[in-house]
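Engineer: Mind having a look at this structure? Questions to follow.
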């Protein structure tokens, strides 16, 4: 594969650097430079790259093997409610398979009247839908159970991304194959080396599951399941099986390794919750957040993200005094069900220590709980589905740290 | 109520004829290539069988370099021990202490192990590896032969430890 890289030349970089520098001296230099002859910019190109000054990247968590790893979205740098596909979080269990869409097929079989083998051309011919959705790993914020969530919001909440997804409703394909009336589950399998497998209740498939191929205006990225993935809106990311190759209709769940050994929630009393699919309402302040420093005293815009796997975000309240008082943040429209919702609140930082946090309420009336309330019910061994209120400590000098550390 | 509505929807569904006429029936090669997915009642388990002894040799050759000679864990997860730890502040979740179904072990080893060469093992080798890991955990005796009949009947220690999702549970 040939890549056309668009790089500013050295002189352009120097000029842009001077302009971005922003100090008075740099400003004067820039003015002087502006009077000298200007050079031509780069020509048009086939596939764009971001400015070389933009350096925000995913953070890769250390793992036993690089193929079973995870990388976290830099949500502290994101604006709006969409994540660039190149920064979408990754979680793979056996690496990213190199799949040629011309030969890829998905097979729908099991308790059906007419088993089907579908090519990507077949899939793309069918009526499609497009939805903006949040995707969150079931293990996002796992470290928060034991207050070891990491120093910044990327590490504590970055297994979270928002995309526009396009695909075919699974219900449409189930009508094509004719599901037998005694069926109740679908076993989804991926085409990665470990053939990732999850059991999905048929009711979810009939409600809103998609076979997605498009992400943010183009084909989805290989790391997200190219050329085809299952997408279960509002559910833990692992159920949205990537590189989808098989959907088997059955009358029982298959108790796959990744729904029993993993992605199940161990309670303090030693019992374990099985099939905990939905991601309950959650929010986090992304600015100011851990590792950042407020540039100056005075007015700043406090902002963050809220989402619920069970509906629409109705309200986000923010406290800047450690939970004594809460005020409503402004919610960016449109507020879409199961999508990220951005909230904003003007805040005056006056050089005093402050404990800041956000609390989301969704359309089911569910209120995001405190960490203490979560632990009181579930203990600290759950690993998955942590959605407690996240507190950041703003110091007098404007630096921000993880209040729970 | 939801269940009734959903069941009604399915009944209508299967009565419907295909509307889009896309795709084609899968070929026998495609179905073979899919391999088996194993249900907890044993559905999908192929012919073949394995003993603890055969599994001990296979494990040393194919698994030990990542999981340790006695399944104690290394690059690959720890596969033994942890009984009695689930309700403690330091739970140790392994095949022995945590997994509810022995069929899951067959399914997973067959689909995903050895990690860097999945698909390498013949069904009888998978049965043998499963027998050995179960024996390492004290779940089956040395002389039990593991096959499609015996495997679904192996009672895992934590079988009854799994409950339905009760959420919303936190106020």
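The values are calculated or read from the model by the stated rules, or taken from the named source; none is laboratory data. Since we're looking at a predicted model, the values are computed, not measured. No Cβ is skipped: glycine too gets one built from the backbone with ideal geometry, and neighbour counts run over all protein chains shown.
Engineer: What residue, of A:398, A:379, A:351, is surrounded by fewer than 20 Cβ atoms within 10 Å (Cβ to Cβ) and without any contact (Cβ under 8 Å) to a residue 60 or more places away in the chain?
Structural biologist: Testing whether each residue is surrounded by fewer than 20 Cβ atoms within 10 Å (Cβ to Cβ) and without any contact (Cβ under 8 Å) to a residue 60 or more places away in the chain leaves just A:351.
Engineer: Could you tell me how many of the residues in region A:132-187 are farther than 18 Å from residue A:264 by Cα, in a loop (DSSP other than H, G, I, E, B) and touching a residue at least 24 places away in the same chain (Cβ under 8 Å)?
Structural biologist: Number satisfying all stated conditions: 12.
Here's the yes/no breakdown for (1) more than 19 Å from the chain's Cα centre (by Cα); (2) at pLDDT 90 or above:
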{"site": "A:29", "(1), (2)": "yes, no"}
{"site": "A:39", "(1), (2)": "yes, yes"}
{"site": "A:42", "(1), (2)": "yes, yes"}
{"site": "A:50", "(1), (2)": "yes, yes"}
{"site": "A:78", "(1), (2)": "no, yes"}
{"site": "A:81", "(1), (2)": "no, yes"}
{"site": "A:91", "(1), (2)": "no, yes"}
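Engineer: Is it fair to say residue A:236 is at pLDDT 95 or above and facing another protein chain (nearest Cβ under 9 Å)?
Structural biologist: no
Engineer: Same structure again: Search region A:244-266 for residues being buried (at least 19 other Cβ atoms within 10 Å of the Cβ) and part of a loop (DSSP other than H, G, I, E, B), and hand back the single one that is farthest from the other protein chains (Cβ to nearest Cβ).
Structural biologist: Ranking the candidates gives A:263 first.
Engineer: Which number in (1) modelled with pLDDT under 95; (2) within 12 Å of another protein chain (Cβ to nearest Cβ) marks the one condition that residue B:1 misses?
Structural biologist: Of (1) modelled with pLDDT under 95; (2) within 12 Å of another protein chain (Cβ to nearest Cβ), only one is false for residue B:1: (2).
Engineer: Right, next: Look at residue A:290 and say whether it is within 20 Å of the chain's Cα centre (by Cα), part of a loop (DSSP other than H, G, I, E, B) and more than 14 Å from every other protein chain (Cβ to nearest Cβ).
Structural biologist: For residue A:290, the condition - within 20 Å of the chain's Cα centre (by Cα), part of a loop (DSSP other than H, G, I, E, B) and more than 14 Å from every other protein chain (Cβ to nearest Cβ) - is met.
Engineer: So, in region B:44-73, how many residues would count as being touching a helix residue (DSSP H, G or I) at 6+ places or on another chain (Cβ under 9 Å) and within 13 Å of another protein chain (Cβ to nearest Cβ)?
Structural biologist: 4
Engineer: Restricting to region B:130-153, and then to whatever is more than 11 Å from residue B:95 (Cβ to Cβ) and within 14 Å of chain A (Cβ to nearest Cβ), can you tell me which residue is surrounded by the fewest Cβ atoms within 10 Å (Cβ to Cβ)?
Structural biologist: B:152
Engineer: Is region B:104-125 home to any residue that is over 30 Å from residue A:97 (Cβ atoms) and surrounded by 22 or more Cβ atoms within 10 Å (Cβ to Cβ)?
Structural biologist: Looking for residues that are over 30 Å from residue A:97 (Cβ atoms) and surrounded by 22 or more Cβ atoms within 10 Å (Cβ to Cβ), one finds none in region B:104-125, hence no.
Engineer: Looking only at region B:100-116, which residues are facing chain A (nearest Cβ under 8 Å), under 20 Å from residue B:75 (Cβ atoms) and either part of a loop (DSSP other than H, G, I, E, B) or without any contact (Cβ under 8 Å) to a residue 24 or more places away in the chain (or both)?
Structural biologist: If the condition is that a residue be facing chain A (nearest Cβ under 8 Å), under 20 Å from residue B:75 (Cβ atoms) and either part of a loop (DSSP other than H, G, I, E, B) or without any contact (Cβ under 8 Å) to a residue 24 or more places away in the chain (or both), then B:108, B:112, B:115 are the ones that fit.
Engineer: Hey, another quick one. Within region A:365-386, is even one residue under 20 Å from residue B:165 (Cβ atoms) and assigned to a strand (DSSP E or B)?
Structural biologist: Yes - at least one qualifying residue is present in region A:365-386.
Engineer: A further question on this structure: Could you tell me whether residue A:96 is at pLDDT 95 or above and within 14 Å of another protein chain (Cβ to nearest Cβ)?
Structural biologist: So residue A:96 fails the test.
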